[in-house]
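Trainee: First the structure, then my questions, so here it is.
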Amino acid sequence: MISALLPNYNRAPLAFERGEGAWLWTTDGRRFLDFGAGIATASIGHGNKHLADAIAAQAHKVMHVSNLYRIPQAEMLAQRLVDATFADTVFFCNSGAEANEGMIKMMRRAMFANGHPERYKIICFEGAFHGRTLATLAATGNHHYLEGFGPPVEGFVHVPLNNLNAVRNAIDGQTAGIMIEPVQGEGGIRSADIQFMKDLRSTCDEFGIFLGLDEIQCGMGRTGKLFAHEWAGIEPDVLSAAKGIGGGFPLGAVLAREAVGKYLVPGTHGTTYGGNPLACTAGNAVLDVILAPGFLDEVVRKGNALMAGLKQIAVDFPSVFEAARGKGLILGLKCVIPAGEVQAAFTAQGLMTVTAGENVLRIVPPLVITDSDIAEALAMMRRGAAACLPDVAKVAAQ
Ligand SMILES: *Cc1c(COP(=O)(O)O)cnc(C)c1O
């Protein structure tokens, strides 16, 4: 008989009852170092007092009023995001997929309003992940995810990552814009080259189309900049954020330039929960931490230290790992043996990670990890990798 909770996940038999920083404790008292961070979401750590206190205080006052009224917490969070980024305006929602839906709708609607209703197609990239709603599934383009859900939503074209000629060839009179993750998360920590990002910007300008960035996973400080595109010195027209933006509280956002955002006038788009006082209080508390002086520099420093350790592990265990990759604290170990086996070996050592595409083990710890967390994680990885060796030897001997 089916379980009461829909079994659409292969869940590990672990249940956590509390956390502190990068550490989680199970209901039966075991301790794990969480380098998955709820899939790159618990950005400022578990049990963060500043975040928890802010949420609790707001919950006691008012959680939800609907978007029929002004919401000071949302106005404040939007203003802070505008001040910190390229954006002129922000729309809040509850998840990543919803943020991407909003971003896609903004691009299409702006083309429509500018007299180009025929320009509705979005160029996306192989290996992308944009979400599980019908339109974001089509944008993702992965056949496994699309199968059985009817005709894919029309208007998404896929080209290889880091191939400018393929992008230019895909642009035609129906193109509204380009949608790209500066660092693909689910796809296996695959980075768009800095030059490619610059070229996408100039290509969008040349053809009069929009550059939309999905920074749901790589944004909110994860690469060591507030948003990953800042490394390329470019600005998008529109950007989606979620995951780390709420530090574990469900929150998504679409950040836009006025020229693309201004056409979502009353009646064109909406959400009941999106941007409510509770969620935006969480978002403001997260920003307090991430925008504090020196915080992002520390992400860079810790990311470099972790990456150096990962590279050494890849060198020391060549039959388990092929390479280390990524930027800041969105890192990956490309595995030789199935990444799921390495993940299980790490879990057995007390270290949580997440698998990703291309047989990569994703390492996306809370941004607040300490140097000793890094040292402990690397030690657990070494023990876990060593535990994988006999199996590899067996396979090699066959
Ligand atoms: C997780 C993710 C999404 C989808 O977010 P949900 O909150 O699961 O809807 C979209 N894009 C990227 C890059 C993601 O990592």
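Trainee: Can you tell me which residue within region 206-260, out of those that are of a type in the set (A, V, I, L, M, F, W, C) and part of a helix (DSSP H, G or I), is nearest to Ala54 (Cα to Cα)?
Mentor: Of everything passing the filter in region 206-260, Ile245 is nearest to Ala54 (Cα to Cα).
Trainee: Pick from region 127-152 the residues that are farther than 21 Å from Tyr9 by Cβ and surrounded by fewer than 20 Cβ atoms within 10 Å (Cβ to Cβ): which of them is farthest from the ligand (Cβ to nearest atom)?
Mentor: The residue in question is Pro151.
Trainee: Please work out if Gly224 is surrounded by fewer than 24 Cβ atoms within 10 Å (Cβ to Cβ), within 16 Å of the ligand (Cβ to nearest atom), under 28 Å from Pro365 (Cβ atoms) and outside the structural domain of Ala339 (by TED's automatic domain parsing).
Mentor: no
Trainee: With the structure loaded, tell me whether Ile194 is at pLDDT 95 or above, under 24 Å from Leu333 (Cβ atoms), among the β-branched types (Val, Ile, Thr) and within 12 Å of the ligand (Cβ to nearest atom) or whether it fails that test.
Mentor: no
Trainee: While we're here: Tell me which residues, restricted to region 279-311, are of a type in the set (A, V, I, L, M, F, W, C) and surrounded by fewer than 21 Cβ atoms within 10 Å (Cβ to Cβ).
Mentor: Val289, Leu291, Ala292, Phe295, Leu296, Val300, Ala305, Met307, Ala308
Yes/no matrix, rows are residues, columns are (1) modelled with pLDDT under 95; (2) within 21 Å of Ala42 (Cα to Cα); (3) of a type in the set (Asp, Glu); (4) assigned to a helix (DSSP H, G or I):
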{"residue": "Val299", "(1), (2), (3), (4)": "no, yes, no, yes"}
{"residue": "Lys302", "(1), (2), (3), (4)": "no, yes, no, yes"}
{"residue": "Ile313", "(1), (2), (3), (4)": "no, no, no, yes"}
{"residue": "Ala324", "(1), (2), (3), (4)": "no, no, no, no"}
{"residue": "Thr347", "(1), (2), (3), (4)": "no, yes, no, yes"}
{"residue": "Val368", "(1), (2), (3), (4)": "no, yes, no, no"}
{"residue": "Gly384", "(1), (2), (3), (4)": "no, no, no, yes"}
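Residue by residue, here is whether (1) hydroxyl-bearing (Ser, Thr, Tyr); (2) out of contact with any helix residue (DSSP H, G or I) (no Cβ under 8 Å at 6 or more places or on another chain); (3) at pLDDT below 95; (4) within 16 Å of the ligand (Cβ to nearest atom) holds:
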{"position": "Pro7", "(1), (2), (3), (4)": "no, yes, no, no"}
{"position": "Ala15", "(1), (2), (3), (4)": "no, yes, no, no"}
{"position": "Leu24", "(1), (2), (3), (4)": "no, yes, no, no"}
{"position": "Arg30", "(1), (2), (3), (4)": "no, yes, no, no"}
{"position": "Lys49", "(1), (2), (3), (4)": "no, yes, no, no"}
{"position": "Val62", "(1), (2), (3), (4)": "no, no, no, no"}
{"position": "Glu75", "(1), (2), (3), (4)": "no, yes, no, no"}
{"position": "Asn94", "(1), (2), (3), (4)": "no, no, no, yes"}
{"position": "Gly102", "(1), (2), (3), (4)": "no, yes, no, yes"}
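Trainee: Identify, by number, the condition in (1) closer than 18 Å to Asn165 by Cα; (2) touching a helix residue (DSSP H, G or I) at 6+ places or on another chain (Cβ under 9 Å) that Ala232 doesn't meet.
Mentor: The number of the failed condition is (1).
The values are calculated or read from the model by the stated rules, or taken from the named source; none is laboratory data. This one's a predicted model, so the numbers in the text were calculated from it and none came from an experiment. As a convention, Cβ positions derive from the backbone with ideal geometry for all residues, glycine included, and neighbour counts pool all protein chains shown.
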